[in-house]
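Enquirer: The structure is given below, and queries will be raised subsequently.
Rule-based calculations on the coordinates, nothing more; no lab input. What you see is a predicted model; the values in this text were computed from it and never measured. Please note: Cβ atoms are built from the backbone with ideal geometry, for glycine as well, and neighbour counts cover all protein chains shown.
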Amino acid sequence: MGRLFGTDGVRGVANEGLTAELAMGLSVAAAHVLAESGIVADPEEAREGRAAKPVAVVGRDPRASGEFLEAAVVAGLASAGIDVLRVGVLPTPAVAYLTGSLGADLGVMLSASHNPMPDNGVKFFARGGHKLADELEDRIEARYREHASGEPWSRPTGDGVGRVRDYDEGFDNYVAHLVGVLPNRLDGLRVVIDAAHGAASRVSPEAFARAGADVVTIAAEPDGLNINDGCGSTHIEGLRAAVLEHGADLGVAHDGDADRCLAVDAAGEEIDGDQILAVLAVAMKEAGTLRHDTVVATVMSNLGFTLAMEREGIRLLRTAVGDRYVLEEMKRGGYSLGGEQSGHVIALDHATTGDGTLTGLMLAARAAATGRPLAELASVMERLPQVLVNVPDVDKSRVETAPELVTAVGEAEGALGATGRVLLRPSGTEPLVRVMVEAADAGQAQTVAGRLADVVKSVLG
């Protein structure tokens, strides 16, 4: 059996790979690992010898399967002696924020992000609202497997079991936090928000409106089945059309759990995560808030981003793909900004994880403060042609070791020379291999990417 945890929690088709039993078991295991030390919330209780129970924050996106998985997670946590604050449908970064601001011992988010509706996932946050290091995930998985092989749980009884209550204040607390960290208001801007029928359907429009923007909302009517369905950050065409129809200054698109943000300018042109990161890096450097004049990005970031940061006197550090690796490097070096081309942007002074609503607000705030169109701001970098091909239904575990692929990549890099890049990597959440080719000429990038995709399919299929 392979490792349960992927690059972003435990994911699978709900009620198939990700069952209620698995969700409950993982939650009990996480309770044992993350809350084993407990907390004392009330000094009076401590004097009486009745230390307060550990606390967990639990949220979800609107997927129908989230309803039964939430019930399983809450049951598992309460059965392990954890008091549960159930915040309902909120973005992943909201659960992370509330975990930290409420002093909870752990947070749990049920979402499969940008994946299609039948999928779902369980993601844990440690005390402070931080994503788990590999070591903690390994401990949780080991504890779960011990129980699955026959070792009984330690179960409290009587007043030792956890209590469950709805924490409806979470919505307002989170929105107030988002608006409160902005450097300026958004008055005078018309913004279209595509909420992907997901977790930000209420949060993002409310936050932009409170910040002063004239808000037009699309794909913000979740019914449990329509999340990410032809909308959101993976289907930007709907946002483009709405921005043009309403004469908006810009548009922002989220994914299902709203930890990412892509944008379009007034002309409907897409602004990807690299460009957003470039705009924010320049703004933060000017404001003196870009610590060490450094931004952290992944190996997938466009070569044009690298050149733009060099020109602006900003140091760029690259990590493996995955916002968790960006975050680890940011924390290690004390940096304040990092992100991915996919739109995961981390502003570490205000969030412990990628936050799509906060990213959109900061981007809009830059436009409002400068009075410059988003297209002009984004022109700080020129995107070089980059082709990404997904090769499904292959043995992704061999992508870095198959000799035929090593040879094919070497030949491709030789053909591209110094003006291009090649990257093959396994998806962390899906059974596929991603082939990325970057070149000065779009036709050449497409040809090389297609050739490599064929080799991947032949060798690993």
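Enquirer: Give the relative contact order (percent, whole number) for the stretch 172-378; include only Cα pairs under 8 Å separated by 6+ residues.
Expert: Working: 464 pairs, mean separation 44.2, N = 207.
21 percent.
Enquirer: Per the Kirkwood treatment, what hydrodynamic radius in Å, one decimal, follows for the stretch 277-389 from the mean inverse distance over all distinct Cα pairs?
Expert: Computed over the stretch 277-389, the radius equals 14.0 Å.
Enquirer: Okay, next question. What is the pair-distance distribution P(r) of the chain, computed from all Cα-Cα distances in 10 Å bins starting at 0, with each bin given as a whole percent?
Expert: 4, 20, 29, 26, 14, 4, 1, 0
Enquirer: Please list the three semi-axes, largest first and in whole Å, of the ellipsoid equivalent to the stretch 172-378, using sqrt of 5 times the eigenvalues of its alpha carbon gyration tensor.
Expert: Calculated on Cα positions only, the semi-axes equal 25, 18, 16 Å.
Enquirer: Sort 357, 289 by Cβ crowding within 10 Å, fewest neighbours at the top.
Expert: With the sparsest Cβ surroundings first, the list reads 289, 357.
Enquirer: Now, a different point. If each DSSP helix of 4+ residues adds -39,500 (n - 2.57) and the sum is divided by the residues in the chain, what number results at 222 nm, nearest 500 deg cm²/dmol?
Expert: Mean residue ellipticity at 222 nm (helix-derived): -12000 deg cm²/dmol.
Enquirer: When the Cα centres of the stretch 100-128 and the stretch 330-358 are compared, how far apart do they sit, in Å?
Expert: Between the Cα centre of the stretch 100-128 and that of the stretch 330-358, the gap is 17 Å.
Enquirer: Within the set 53/131; 123/396; 331/457; 123/285; 131/457, which residue pairs have Cα atoms separated by over 31 Å?
Expert: Cα-Cα > 31 Å for 331/457; 123/285; 131/457; rest within.
Enquirer: Let me ask you something else. If R₀ is 35 angstrom, what is the calculated FRET efficiency for the pair residue 432 and residue 15, using the beta carbon separation as r and rounding to 0.05?
Expert: 0.95
Enquirer: Please compute the contact order of the stretch 10-168 in relative form: average sequence separation of alpha-carbon pairs under 8 Å and at least six residues apart, divided by the residue count, as a percent.
Expert: Working: 303 pairs, mean separation 47.2, N = 159.
It comes to 30 percent, rounded to a whole number.
Enquirer: Ok, one more. How much of the calculated P(r) for the stretch 86-173 lies past 23 Å, in percent of all Cα pairs?
Expert: 38
Enquirer: Can you classify the stretch 170-215 as rounded, prolate or oblate using the Cα gyration tensor, where a ≥ b ≥ c are the square roots of its eigenvalues, rounded means a/c under 1.5, and otherwise it's prolate if a/b beats b/c and oblate if not?
Expert: Oblate is the answer for the stretch 170-215, as a/c is 1.5 or above yet b/c matches or exceeds a/b.
Enquirer: Now for a different question. State which helices in the chain qualify, where a helix is a whole DSSP H run, it must extend 24 Å or more along its own axis by its Cα atoms, and its mean Kyte-Doolittle hydropathy must be at least 0.5.
Expert: Result, helices passing both filters: 442-460.
Enquirer: Moving on to the next point. Measure off 7 Å from each Cα along the Cα-to-Cβ vector at residue 397 and residue 169, then give the distance between these two points in nanometres to one decimal.
Expert: Placing both labels 7 Å along Cα→Cβ, they lie 4.8 nm apart.
Enquirer: If contacts are Cα pairs under 8 angstrom and at least 6 residues apart, what is the relative contact order of the chain in percent?
Expert: 13
Enquirer: Let me ask something else. Which order do peptides 28-35, 403-410, 138-145 fall in by mean Cβ count within 10 Å, highest first?
Expert: Per-residue Cβ counts within 10 Å, averaged per peptide and sorted highest first, yield 28-35, 138-145, 403-410.
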